[in-house]
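Student: Here you go, one structure.
The values are calculated or read from the model by the stated rules, or taken from the named source; none is laboratory data. All values reported here derive from a predicted model rather than from experimental measurement. All Cβ positions, even for glycine, are placed from backbone atoms using ideal geometry, and neighbour counts span all protein chains on display.
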């Protein structure tokens, strides 16, 4: 059930109506049934997978809570780790490693006959396994006491607003909320509703519109050059941002309407001044998860700087691989890891160069420097996104080379047969509106204070957004990009 | 340095600890540490942040999120958060 489908809107309306008319002590049942129904709509069989890993994690958490002995706790932690990572490996990575091994063996004419595992990866698998693992690790570390209520724990593992594509919540933040009483709050409901509308705008007006242009070029990279490729690369950066952050806004908004608070997942990443800052603003829940549960324990063991750099590189290769079981994602992660290490190594020299070229005591030079930093980080992201979006490794050099071939600014060189100048104008205006709203949000909490505005302003804004979605939205039900991860 | 006389003693202690740690780790004179400037301003990268969090956990005697310094990127804001979080807990 896609968020942008009529089925989902009907489902959500029913859940919201029933939720606030159900006594507090039974609400977890309603949300749990709704969440499992939501997941079953993708594929019924995967509900059993979700239930299975949930039971393992619940049991492991309880057993860890019964003993202070580290070795015994570790046994149950490993049970949870193997169950979750085992399922993730089987459904997401088995075929990738299997195919890679087959290619390697074939290159040396060695017989290799391990069959392919023909199964579709369950939606949200990468997200809910990480969320569940985070719980197990927190219980092991003593940061969280085990959840004794199986129903509440099952709800934490399957909460429908964030089940398919995050944010990857922490047990210390989300689990306690399921135990609290949530009275209907009309202001929170309206604020959440606005965020949902904004998410739909980002997804349907910006992301799905840009996808038409991006897909045309990336699916046939040899047929395009110059401005077509340049625009496709720029558009993909905004497409993936609007697609994923749009989904996140819808998830956070729905949870808010129900009275729950999910973590922010994006904080204007394209305004970052360094690559490190970018990763603190992009898909925040994943990066924080990786930092807390993978980078931190590994980095503590590093005694030399080069070991720390190796950990950084390795961690970002894992982040790349998390996104997809394909070599271009590995390359994407490796590139980002390299960029971070390079930035760290060159920081002292770059700081000296900045002091010479952009003396900070001159306001205009300071602002110019900051603008240049943002432009460089965006360029690095765009290059990384070529690795990310390309359909195969062999497409990457084609796209990069064709970007600089026969660059022209004529209409034919910019527009596409299925993406006219009018479509380009709509896309451009929508992106400007996106930047304007984000700029405003940084200065005052637009989404958090919407319900406190005068009634006429609330009507005007929500109706304007609805109008924009209905007039300019793409209604051909494209799945969210991050659902494939 | 900012005036920290009006803050709670706990926040002041944490600020002093953090300032001393940053000064030692980045080989800067303690008097040059401005608690409002970010850790990154003093050249602290991810690896240095990990070490700081690890030692801070030991000093405070409680587990901390490794990514605390993202949300509280300066000595002053981190100290205030840790004091508030301790009171809530």
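Student: Does residue B:53 qualify as being closer than 26 Å to residue A:345 by Cβ, away from chain A (no Cβ under 11 Å) and without any contact (Cβ under 8 Å) to a residue 40 or more places away in the chain? Please lay out each step first, then the result.
Tutor: On the way: closer than 26 Å to residue A:345 by Cβ: yes; away from chain A (no Cβ under 11 Å): no; without any contact (Cβ under 8 Å) to a residue 40 or more places away in the chain: yes.
In short, no.
Student: For residue A:56, are the conditions met, namely being assigned by TED's automatic domain parsing to the domain that holds residue A:149 and touching a helix residue (DSSP H, G or I) at 6+ places or on another chain (Cβ under 6 Å)? Explain how you work it out, then say what you get.
Tutor: Values: assigned by TED's automatic domain parsing to the domain that holds residue A:149: yes; touching a helix residue (DSSP H, G or I) at 6+ places or on another chain (Cβ under 6 Å): yes.
Criteria met by residue A:56.
Residues are listed down the side, and each one gets a yes or a no for (1) over 22 Å from the mean Cα position of the chain (by Cα); (2) touching a residue at least 12 places away in the same chain (Cβ under 8 Å):
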{"site": "A:394", "(1), (2)": "yes, no"}
{"site": "A:430", "(1), (2)": "no, yes"}
{"site": "A:434", "(1), (2)": "no, yes"}
{"site": "A:440", "(1), (2)": "yes, no"}
{"site": "A:455", "(1), (2)": "yes, no"}
{"site": "A:468", "(1), (2)": "yes, yes"}
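Student: Among the listed residues A:18, A:31, A:2, which satisfies the condition of being under 30 Å from residue A:258 (Cβ atoms), surrounded by 14 or more Cβ atoms within 10 Å (Cβ to Cβ), within 25 Å of the chain's Cα centre (by Cα) and at pLDDT 90 or above?
Tutor: Working: A:18 fails: within 25 Å of the chain's Cα centre (by Cα); A:2 fails: at pLDDT 90 or above.
Going through A:18, A:31, A:2 in turn, just one is under 30 Å from residue A:258 (Cβ atoms), surrounded by 14 or more Cβ atoms within 10 Å (Cβ to Cβ), within 25 Å of the chain's Cα centre (by Cα) and at pLDDT 90 or above: A:31.
Student: Among the residues in the stretch A:315-337, are any without any contact (Cβ under 8 Å) to a residue 24 or more places away in the chain and closer than 30 Å to residue B:58 by Cβ?
Tutor: Looking for residues that are without any contact (Cβ under 8 Å) to a residue 24 or more places away in the chain and closer than 30 Å to residue B:58 by Cβ, one finds none in the stretch A:315-337, hence no.
Student: Tell me, which helices (runs of 4 or more DSSP H) lie completely within the stretch A:45-129 with 1 or more residues that are more than 26 Å from residue A:169 (Cβ to Cβ)?
Tutor: Numbers: elements: A:45-65, A:70-88, A:94-107.
Once the helices (runs of 4 or more DSSP H) in the stretch A:45-129 are filtered for at least 1 residues that are more than 26 Å from residue A:169 (Cβ to Cβ), what remains is A:70-88, A:94-107.
Student: Quick check on this structure: which one of A:178, A:189 is in a helix (DSSP H, G or I) and under 25 Å from residue A:433 (Cα atoms)?
Tutor: Working: A:178 fails: under 25 Å from residue A:433 (Cα atoms).
Among A:178, A:189, only A:189 is in a helix (DSSP H, G or I) and under 25 Å from residue A:433 (Cα atoms).
Student: For the subset of the stretch B:61-73 comprising residues that are assigned to a helix (DSSP H, G or I) and without any contact (Cβ under 8 Å) to a residue 24 or more places away in the chain, which member is nearest to the other protein chains (Cβ to nearest Cβ)? Quick ask: steps written out before the conclusion?
Tutor: Residues of the stretch B:61-73 assigned to a helix (DSSP H, G or I): B:68-71.
This time we only want the ones that are without any contact (Cβ under 8 Å) to a residue 24 or more places away in the chain, so: B:68, B:70-71.
On the way: B:68: 10, B:70: 5, B:71: 9 Å.
Top of the filtered list is B:70.
Student: Looking at A:156, A:128, A:135 in this structure, which one is crowded, with 24+ Cβ neighbours inside 10 Å and within 15 Å of residue A:259 (Cα to Cα)?
Tutor: On the way: A:128 fails: within 15 Å of residue A:259 (Cα to Cα); A:135 fails: within 15 Å of residue A:259 (Cα to Cα).
One residue alone meets the criteria, A:156.
Student: Can you name the residue in the stretch A:290-342 that is under 19 Å from residue A:126 (Cβ atoms) and within 9 Å of chain B (Cβ to nearest Cβ) and, of all such residues, is surrounded by the fewest Cβ atoms within 10 Å (Cβ to Cβ)?
Tutor: A:293
Student: Quick one: is residue A:119 outside the structural domain of residue A:321 (by TED's automatic domain parsing) and more than 28 Å from residue A:148 (Cβ to Cβ)?
Tutor: Numbers: outside the structural domain of residue A:321 (by TED's automatic domain parsing): yes; more than 28 Å from residue A:148 (Cβ to Cβ): yes.
Spelling it out, residue A:119 is indeed outside the structural domain of residue A:321 (by TED's automatic domain parsing) and more than 28 Å from residue A:148 (Cβ to Cβ).
Student: How many residues are exposed (fewer than 14 other Cβ atoms within 10 Å of the Cβ) and touching a helix residue (DSSP H, G or I) at 6+ places or on another chain (Cβ under 6 Å) if we restrict to the stretch B:49-62?
Tutor: 0
Student: Can you name the number of the only condition in (1) assigned by TED's automatic domain parsing to the domain that holds residue A:396; (2) within 27 Å of residue A:151 (Cα to Cα); (3) surrounded by fewer than 23 Cβ atoms within 10 Å (Cβ to Cβ); (4) over 18 Å from the mean Cα position of the chain (by Cα) that residue A:179 fails?
Tutor: (1)
Student: If you take the residues in the stretch A:159-176 that are in contact with a helix residue (DSSP H, G or I) (Cβ under 9 Å, 6 or more places away or on another chain) and more than 19 Å from residue A:322 (Cα to Cα), which one is surrounded by the fewest Cβ atoms within 10 Å (Cβ to Cβ)?
Tutor: Keep residues of the stretch A:159-176 that are in contact with a helix residue (DSSP H, G or I) (Cβ under 9 Å, 6 or more places away or on another chain), which gives A:159-172, A:174-175.
Now narrow it down to the ones that are more than 19 Å from residue A:322 (Cα to Cα): A:159-161, A:171-172, A:174-175.
Numbers: A:159: 26, A:160: 25, A:161: 26, A:171: 24, A:172: 14, A:174: 21, A:175: 21.
That would be A:172.
Student: Right, next: Is it fair to say residue B:36 is more than 8 Å from chain A (Cβ to nearest Cβ), touching a strand residue (DSSP E or B) at 6+ places or on another chain (Cβ under 8 Å) and not in a helix (DSSP H, G or I)?
Tutor: Numbers: more than 8 Å from chain A (Cβ to nearest Cβ): yes; touching a strand residue (DSSP E or B) at 6+ places or on another chain (Cβ under 8 Å): yes; not in a helix (DSSP H, G or I): yes.
Against the criterion (more than 8 Å from chain A (Cβ to nearest Cβ), touching a strand residue (DSSP E or B) at 6+ places or on another chain (Cβ under 8 Å) and not in a helix (DSSP H, G or I)), residue B:36 qualifies.
Student: Scan the stretch A:237-255 and tell me whether some residue there is more than 26 Å from residue A:448 (Cα to Cα) and touching a residue at least 60 places away in the same chain (Cβ under 8 Å). Before the answer, list the steps.
Tutor: We begin by selecting, within the stretch A:237-255, every residue more than 26 Å from residue A:448 (Cα to Cα); these are A:237.
Those left that are additionally touching a residue at least 60 places away in the same chain (Cβ under 8 Å): A:237.
Yes.
Yes or no, residue by residue, for (1) within 14 Å of the chain's Cα centre (by Cα); (2) on the phi > 0 side of the Ramachandran plot; (3) surrounded by fewer than 19 Cβ atoms within 10 Å (Cβ to Cβ):
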site	(1), (2), (3)
A:244	yes, no, no
A:261	no, no, yes
A:269	yes, no, no
A:273	no, no, yes
A:276	no, no, no
A:285	yes, no, no
